[in-house]
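Taking it in order: structure first as structure tokens, then the write-up.
Nothing in this text is a laboratory measurement; each read-out follows from the coordinates by a stated rule. Owing to the predicted nature of the structure, the values given are computational and were not obtained by experimental measurement. Note that each Cβ is placed from the backbone with ideal geometry, even for glycine, and that neighbours are counted across all protein chains shown.
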Amino acid sequence: MSGPRALVGRRVRLRPPMESDLPVLTRWFVDPELVAPFDRFAYDAPEALAASIRGAPAEPGSLAPRYVIEPLAGGAPVGCVGHYVAHPVLAILDVWYLIGDPAARGQGYGSEAVALLVDELFATTAYERVGATCDVANLASSKLLERLGFRREGTYRAGLHHHAAWHEVAVYGITRPEWAARARS
Ligand SMILES: CC(C)(COP(=O)(O)OP(=O)(O)OC[C@H]1O[C@@H](n2cnc3c(N)ncnc32)[C@H](O)[C@@H]1OP(=O)(O)O)[C@@H](O)C(=O)NCCC(=O)NCCS
């Protein structure tokens, strides 16, 4: 597996997934309550997950993990992040994120990982806005985005079907000038 360069922050490093990450990624992705308490869930067989990770660098719409999150202090990966072109016409580039190790949640790893990813996307693409969506009930996700300066731009009503019901989805975004101003402050 190959991919983009590693991104190094204060406490975490993001690097492209390797073959050796497949067991932990598979473990996270087969557990619906871990990856999808607020999302639809589709089981990914290990071979399918491996193939989608391999193909992701050439596939802008891929939902595969594009980086694994590793604490700089050492130890196993704690999560992963991705980005995908989310609309066939509009310039919508969305990020997603998962802290797969529940013990590693609430320690700022998710926020730092998403910040590194947004930095990289503004540095390496021409997009003027990076977005994200989450179930309106997903407080951890909303707070992560708001902490990073994303603005709540609206709500998709009945935007997501999961756990046998339709759910409202919060739409978030941050523009290139807003992200640059945040970095300067
Ligand atoms: C969303 C997620 C990535 C957050 O990662 P994290 O590393 O725990 O988040 P951080 O520690 O950086 O905290 C970010 C903010 O969320 C808040 N938060 C974290 N967990 C929370 C929870 N369970 N409930 C409410 N707020 C929570 C933190 O207090 C912080 O807010 P603050 O800046 O106001 O203090 C993690 O909970 C997760 O993987 N969830 C399952 C997958 C998911 O929902 N992904 C997003 C799909 S849209």
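Numbers at a glance
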quantity	calculated
Tabulated pairs, region 48-75, first part of a strand (DSSP E or B), second among the acidic types (D, E), C-beta under 6 angstrom, 6+ apart or interchain	V68/D21
Complete set of residues in region 112-127 that are surrounded by fewer than 16 Cβ atoms within 10 Å (Cβ to Cβ) and either within 9 Å of the ligand (Cβ to nearest atom) or among the charged types (D, E, K, R) (or both)	D119
Residue satisfying condition, being in a strand (DSSP E or B), under 14 Å from F38 (Cβ atoms), touching a helix residue (DSSP H, G or I) at 6+ places or on another chain (Cβ under 9 Å) and of a type outside the set (K, R), within set L160, L98	L98
Selection count, region 163-185, where residues are surrounded by 18 or more Cβ atoms within 10 Å (Cβ to Cβ), free of Cβ contacts under 8 Å to residues at least 40 places away in the same chain and in a helix (DSSP H, G or I)	0
V130 more than 10 Å from the ligand (Cβ to nearest atom), buried (at least 21 other Cβ atoms within 10 Å of the Cβ) and closer than 28 Å to P57 by Cβ	yes
Residue among P177, P102, P77, P88 that is within 19 Å of D21 (Cβ to Cβ) and either of a type in the set (A, V, I, L, M) or more than 10 Å from the ligand (Cβ to nearest atom) (or both)	P77
